[in-house]
Structure formats: structure tokens, C-alpha cells
1. Test of understanding: extend the Cα→C-beta vector of Lys89 to 7 Å, then name every residue of segment 105-123 with backbone N under 19 Å from that spot.
2. Mind checking the full-extension length gain between Thr22 and Lys139? Use 0.36 nm per residue of separation minus the Cα-Cα distance, one decimal, nm.
3. Rank by packing, highest mean first: peptides 105-118, 78-91, with packing defined as the count of other Cβ atoms within 10 Å averaged across residues.
4. Quote to one decimal, in nm, the extra length available between Gln80 and Gln127 on full extension: 0.36 nm per residue of separation minus the C-alpha distance between them.
5. Label Ala35 and Gln98 with points 7 Å out from Cα along Cα→Cβ: what is the distance between them in nm?
6. If amide H atoms are built 1.01 Å from N in the plane of the peptide, which residues on other chains or at least 5 residues away come under 5 Å of the amide H of Phe39?
Amino acid sequence: MQNNQQAATEEQSKNQEVKQETKQCPLCQTFFGSAKTNFYCSQCYKTITQNTNEQQPQQQQQQQIPEDKAQSNQQVNIQQDPSKCYVCKRKLGISGIQCKCKIVFCNKHRLPEDHNCTYDHAEKARQLLIKNNPLVDHKKLEEL
């Protein structure tokens, strides 16, 4: 008999919890929602979940695009066999020429224009000129 009373009280407490968890829908303010649906009614909850499901694939595609670009840049710099030219796959032997981008090429593809070099030769030349040619002060010229 005590088990029946305990079961009845547990059932009543569960019913009270369910009643406490329902609130009026904040969007339509007509129907009631539960904590399971973030207190939205069933109609509003369906529209919200459909909107978020449509937006998530778009966001995932946008995130995958920069990752794909980063992966493609990394793949360009990886040379599988250093005994062959990266562009034409010709065997090199001792005649291979290593570019500043750390990839080995044959004599035909050794120039940066011929193998789409990732190393910025122009910027390196500018930095070297700035370093070797300091700015001349007009005060020094007057003293001479």
C-alpha cells in the first residue's frame, strides 16, 4: 500500500513539474511551449529549426572554402620525389636545381615564372635594397 502511495505522489510531482515547465510562446504568444522546445509552441519551433538547418549548411560551406584553399597551398609546397622535376616529373640526377620555395626543378622549369613560384622574389629584392641603401640625410651633404 505504501508503494502505491509513493507511486501516486511521484506521479503528482511529475505532473506539477510538467505544468511548471510550460510557458507562453514568446513569438506568437498564443500557444504554450515546454522546456524541450525552448518554450516555443510547436509551430514556431518548427520554423526556427528549419531556418537554422538551412543556415548551418551555408555556414559550413563557407568555412570549408578557406580550409580547402589552405590545403591546396600546402599541397603545392610538398614535393613527393625530390629526384624528379616537380613540374614535368623528369629524372634529374645531379642536375636538379632547388628554388627558394624549397622545390627541385629541371633546367627548363628553374625560373620562378616557369613553375608558379610561391616565394616572393620582388619583395625580397625590395627588402635587400632598403637594407643596403640607407636613407641619405641632407645634413650630411652640407657638411661635405
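1. Residues 105-110, 115-116 fall inside that zone.
2. 33.8 nm
3. 105-118, 78-91
4. Values: separation 47, 0.36 × 47 = 16.92 nm, distance 3.19 nm.
The span from Gln80 to Gln127 would gain 13.7 nm if fully extended.
5. Inter-label distance under the simple model: 6.4 nm.
6. Residues meeting the criterion, in which the H sits 1.01 Å from N, are Ser34.
Values in this text are rule-based calculations from the coordinates and carry no lab data. What you see is a predicted model; the values in this text were computed from it and never measured. FYI the Cβ positions are ideal-geometry reconstructions off the backbone, even for glycines, and counts take in every protein chain you see.
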